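Inspection log for the structure reproduced underneath, given as structure tokens.
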Amino acid sequence: MCGIIGYVGRSQALPVLVQGIRLLSYRGYDSAGVAVHDGTTLRIEKDRGRISDLAPRWDPATLAGSTGIGHTRWATHGAPNRVNAHPQSDAANVVAVVHNGILENDLALREELEKAGVTFRSDTDTEVFAHLFARDGGKDPVAAARELLDRCHGHFALAFVHADHPERIVAVRRGSPLLLGLGVRENLVASDLRALAGRADAVVELGDDQIAIVEADDVRVLDKSGSDVEVVRRPVEEHERETDKAGFAHFMAKEIHEQPERQYELVHGRMDTVRGHARFDDLPLQAADWKRIERVDLVACGTAYHACLYGAYALERLARIPARALMAHEYDARQPRLDDRTLVIAVSQSGETADTKVAVELALREKARTLAVLNVPHSAIGRLVEGVVDMHAGPEVGVASTKAYTGMLTSLLLLALAAAEARGTTNDEARELIAALDAVPDAIRRTLARTEGVVADVVREIYRAGNMLYLGRGPDAATALEGALKMKEISYIHAEGYPAGEMKHGPIALVSFDMPTVAIATAGPWRDRMLGNVREVKARDGLVVLLAAEGDVDAPKVADFVLPVPSLPPLLAPIVNVVPLQVLAYETAKRRGCDIDQPRNLAKTVTVQ
Ligand code: AGP
């Protein structure tokens, strides 16, 4: 969604705000703006466009001051233009505010304020907050913030600066994430850790319905009643300070190439390689609990949903538990029958996806058991569930998820292995998987090295395509869906993923010479049937790009291009098979001149339903 940043300290605020906006712009980048208190008045600069174009126009002499707030926007209410850009302010510029989230009763409040003589200038819901806070924010900021919590519905993370208080930022949080960054004689507020860019030594997660009064040498946190609450600091870990591309052209490229190391760390952090079992002693689900579970619902959106499709396979095949993957935003529509014999597992890179959070809240209301597989354990979803499996992918900045996806797959596989052991269903397939897990990091490295040339050839053939088809079977049906999502979200080519068995039931009508098909036919029980599908496509003049096991002598006979991947057990293969599809999407998008890390219309974290 949007990103907010605030700074109060001894340095000039503007450069800190600009850097923070840059680091947050993956959350939304329609427009950006800053408000700086110059000691006398509030100065606001904002416009449509990206921070890289806007920042050079902002004059440090005009925007001089050590207290300020900044914002980068993904438009929800009001078109992306200068008037609707944040910070929003009241007519007299007494208050400036930046906001992430949605004020659901904005129309009623707007009407009430207009009747009281307020003139609105923007189409945003955010401007309502500015007018409400302007009334009392100067003489009693806590009372003003409490009034917002009483009267405003929806979810919002807010940061205010008031003209009468050059030394202070007031932050309010309900639902949308908001962190306080604690530094040396300076403090910050931000939508997430990355924006603190190494300036903060510790962070405080502002809780729901909490208020923070942030000054250079002091931070107070209060609850909705106005009572002080304990400020719980968490040290910032070294890897959390990471903010650059490490020499790669895009964050997505860096994150694709980080996958071997992340996989190695994840597996070695969870596997007891001596006794050959996955350790989840930190979870509240132990053997007796797993034995009581009669069904697992995996809920997520987008890429994380594809991981759930894979996870359902792994749990059903290995732990013999009925398991289903569900799109989180469709969960409540089913009115699912839940109780304490159902385990709901939420999967989310950010831990802030509103649709997934709502699905977890439903599970909790229905007394189901809950876990989450997250890349950000200290997130909204992480705070709701009974236990969190950290996928340890490290900060993922590219809007198109890559290393988090493979982190989700491996985490879900390890969880399924642990559940199998708890339920006494560990079979030969499970033992083969445990033995082969160590091979995954090198298999990814080999795949990246051996497919680079073929991918370049394929890109030359397909980059002008208008449509593409991705086909896979079994757990690789999820890989097909994920490969298609990567291609569509960064190259803007319409790409559809299908379980290959579906071809004869409709999609084959689409096959023609100008619609490339990517098929996954690596080792396993589905290979021969996949090659049958490939022949059906070729018989209709379709171009075929085939993912096949290294040394598969039939593959070059049936396909136009072959992407070789190491042979792995069928439930491990998807972790590696998705990698060449990530690279194919990346290279195609680059050839098409698309914005890879910040694709149009998208945002990294969708904190609205
Ligand atoms: C994936 O490439 C997309 N950016 C998107 O589908 C994403 O997976 C989805 O919005 C879920 O996000 P989450 O994992 O943070 O919950």
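The values are calculated or read from the model by the stated rules, or taken from the named source; none is laboratory data. Only a predicted model underlies this, so the values are computations on that prediction, with no experimental measurement involved. Reconstructed Cβ throughout: ideal geometry from the backbone, glycine too, with neighbour counts over all protein chains shown. Remember, those area values only see protein heavy atoms, side chains included, never the ligands or the DNA or RNA. Shrake-Rupley method; radii C 1.70, N 1.55, O 1.52, S 1.80 Å.
Roughly how compact is region 1-153, stated as its Cα Rg over 2.2 N^0.38 Å to two decimals? Before the final figure, lay out each step's value.
On the way: Rg = 14.8 Å, N = 153, 2.2 N^0.38 = 14.9 Å.
Normalised Rg, Cα atoms only: 0.99.
Relative contact order for the chain using alpha-carbon pairs under 8 Å, separation at least 6, rounded to a whole percent?
Details: 1427 pairs, mean separation 69.3, N = 609.
So the answer I get is 11 percent.
Can you list the residues of region 183-198 with backbone N under 16 Å from a point 7 Å past the Cα of E167, pointing along Cα to Cβ?
What the label zone holds, given the 16 Å backbone N cut-off, is 185-187.
In deg cm²/dmol, rounded to 500, what helix-only [θ] at 222 nm does the chain give when every DSSP H run of at least 4 residues adds -39500 (n - 2.57) and the total is split over its residues?
For the chain, the value works out to -11000 deg cm²/dmol.
Along Cα→Cβ, 7 Å out, is where each label goes; now give me the distance between the ones at D282 and E294 in nm to one decimal.
With each label point 7 Å from Cα toward Cβ, the separation is 3.2 nm.
Hey, which of these cross-link pairs are over 30 Å Cα-Cα: K357/K504; K504/K557; K139/K224; K357/K488; K504/K590? Please list the in-between numbers first.
Details: K357/K504 37 Å; K504/K557 22 Å; K139/K224 18 Å; K357/K488 25 Å; K504/K590 33 Å.
Where the Cα-Cα span goes over 30 Å, the pairs concerned are K357/K504; K504/K590.
Which of the listed residues, I596, L182, S350, is farthest toward the dipole's positive end in the chain, when Lys, Arg count +1 and Asp, Glu count -1 at the beta-carbon?
It is I596.
Just going by the charge dipole of region 118-268, with Lys and Arg at +1 and Asp and Glu at -1 on Cβ, which of V118, V142, L196 is farthest out on the positive end?
In region 118-268, that residue is V118.
So what is the orientation-averaged projected area of region 168-241, using the convex hull of its C-alpha atoms, in nm²? Kindly include the intermediate steps, with their values, before the conclusion.
On the way: hull surface 17.8 nm².
Over all viewing directions, region 168-241 projects a mean Cα-hull area of 4.4 nm².
With r defined as the distance between the Cβ atoms of K557 and R460 and R0 fixed at 30 Å, what FRET efficiency is calculated, to the nearest 0.05? Present the calculation step by step, with values, prior to reporting the outcome.
On the way: r = 22 Å, r/R0 = 0.73.
It comes out at approximately 0.85.
Could you give the nm distance between label points at V184 and E361, where each point is 7 Å from its Cα heading toward the beta carbon?
Label at V184, label at E361, 4.2 nm between them.
I need the trypsin sites (Lys or Arg not before Pro) found in region 410-506, filtered to DSSP loop residues with at most 12 other beta carbons within 10 Å of theirs. Present the calculation step by step, with values, prior to reporting the outcome.
On the way: sites: R423, R431, R445, R446, R450, R460, R464, R473, K486, K488, K504; in loops: R464, R473.
Here the trypsin sites (Lys or Arg not before Pro) that fit, given the DSSP loop and packing criteria, are R464.
Given a cut-off of 22 Å, what percent of all Cα-Cα pairs of region 332-425 lie beyond it? Don't skip to the answer; put the middle values down first.
Numbers: 1324 of 4371 pairs.
Tail of the P(r) past 22 Å holds 30 percent of the pairs.
With a point put 7 Å past each Cα toward its Cβ, work out how far E502 is from D340 in nm, to one decimal.
3.9 nm
So how much slack lies between D150 and D47, counting 0.36 nm per residue of separation and subtracting their Cα-Cα distance, in nm?
Working it through step by step, the gained length comes to 33.9 nm.
If you roll a 1.4 Å probe over the heavy atoms of the protein chains, what accessible area per residue do you get for the chain, in Å²?
Values: 22440 Å² over 609 residues.
Here the per-residue accessible area is 37 Å².
Roughly what % antiparallel, to the nearest 5, for the DSSP beta bridges in the chain?
Percentage antiparallel, nearest 5: 60.
Percent of Cα-Cα pairs per 20 Å bin, from 0 to the last occupied bin, for the chain, please list those.
20, 49, 27, 4
Compute the length gained on full extension between Y492 and R57: take 0.36 nm times their separation in residues and subtract their Cα-Cα distance, giving the result in nm to one decimal.
On the way: separation 435, 0.36 × 435 = 156.60 nm, distance 3.11 nm.
Difference between extended and current length: 153.5 nm.
What full-extension length gain, to one decimal in nm, is calculated for Y264 and D528 as 0.36 nm per residue of separation minus the Cα-Cα distance?
Gain in length upon complete extension: 91.9 nm.
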